[in-house]
1. With the Cα gyration tensor of the stretch 12-149 in hand, give its eigenvalues times 5 under a square root as the equivalent ellipsoid semi-axes, listed largest first in whole angstrom.
2. So how much slack lies between Glu136 and Lys22, counting 0.36 nm per residue of separation and subtracting their Cα-Cα distance, in nm?
3. Order Thr68, Thr38 by their accessible area, 1.4 angstrom probe, all chains in place, largest first.
4. Quick one: dipole size for the stretch 12-149, taken about the Cα centre, charges +1 on Lys/Arg Cβ and -1 on Asp/Glu Cβ, in debye to the nearest 20.
5. For the chain, set up a Gaussian network in which alpha carbons nearer than 10 Å are linked by springs, and say which option among Ile24, Ile71, Ile52 fluctuates the most.
6. Show me, for the stretch 25-32, the HN-Hα J-couplings you get by feeding each phi into the Karplus relation (A = 6.51, B = -1.76, C = 1.60, θ = phi - 60°), rounded to Hz, glycine and proline as x.
7. List the extent of the Cα atoms of the stretch 73-132 along each of their three principal axes, largest first, rounded to whole Å.
8. At 1.4 Å probe size, with every protein chain present, just tell me what the per residue accessible area of the chain comes to in Å².
Amino acid sequence: MAVYKVVQIGDEVLQEKAKEVKSITPNIIKLLNNMRDTMYANKGVGLAAPQIGISKRVIVVDVGEGLTELINPSIVKASGQIKDTEGCLSLPDVVGDVVRAAEVRVKGLDRSGAEIEIKAVGYAARAFQHEIDHLEGILFIDKAENIRKVK
Ligand code: CO
């Protein structure tokens, strides 16, 4: 169990385009484990590697439907539009309303290196789009309207 400090807005790593994973080394497995532990410890529904300071294309998502780990994820199909409220562990003080695709197909590699494709709807679809944005250096506030303080 390794819980990392979540990188906060203002850190450059959050604005970088993350690098593709070339091979799944023991370090990548460790990264996945650390990201999972850090996400759950912070009660998050998703986490991207840059959020623990690692500029690699790795995400984890769990909106309550089980853990999905994806290496080099990409959206292969998107349809519909939904606006909903969104937050981020890297910007814990604010939420905002973001228009996202209602349904996405996401593909990537699992930890064994197998290619997987996932169909996600609703909040899960939102989480995948949010985390993949992190890999492009995009934060939800770059897209949000009605950004407001929480707490
Ligand atoms: Co985020």
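The values are calculated or read from the model by the stated rules, or taken from the named source; none is laboratory data. Computed from a prediction, not measured in an experiment: that's the story for all the values here. Here the Cβ positions follow ideal geometry from the backbone for every residue, glycine too, while neighbour counts run over all protein chains shown. For the accessible areas, the whole protein counts, side chains as well, though only heavy atoms, and no ligand, DNA or RNA atoms are used. Shrake-Rupley method; radii C 1.70, N 1.55, O 1.52, S 1.80 Å.
1. Semi-axes (√(5λ), whole Å): 22, 17, 13.
2. Numbers: separation 114, 0.36 × 114 = 41.04 nm, distance 1.72 nm.
My answer for the length gained is 39.3 nm.
3. Working: Thr68 30, Thr38 0 Å².
These residues rank, largest area first, as Thr68, Thr38.
4. Working: 19 positive and 20 negative charges, 40 e Å.
Dipole about the Cα centre, nearest 20: 200 debye.
5. Largest GNM mean-square fluctuation: Ile24.
6. 8, x, 5, 5, 4, 4, 4, 4
7. 37, 26, 13
8. Working: 7770 Å² over 151 residues.
Using a 1.4 Å probe on heavy atoms only, each residue of the chain averages 51 Å².
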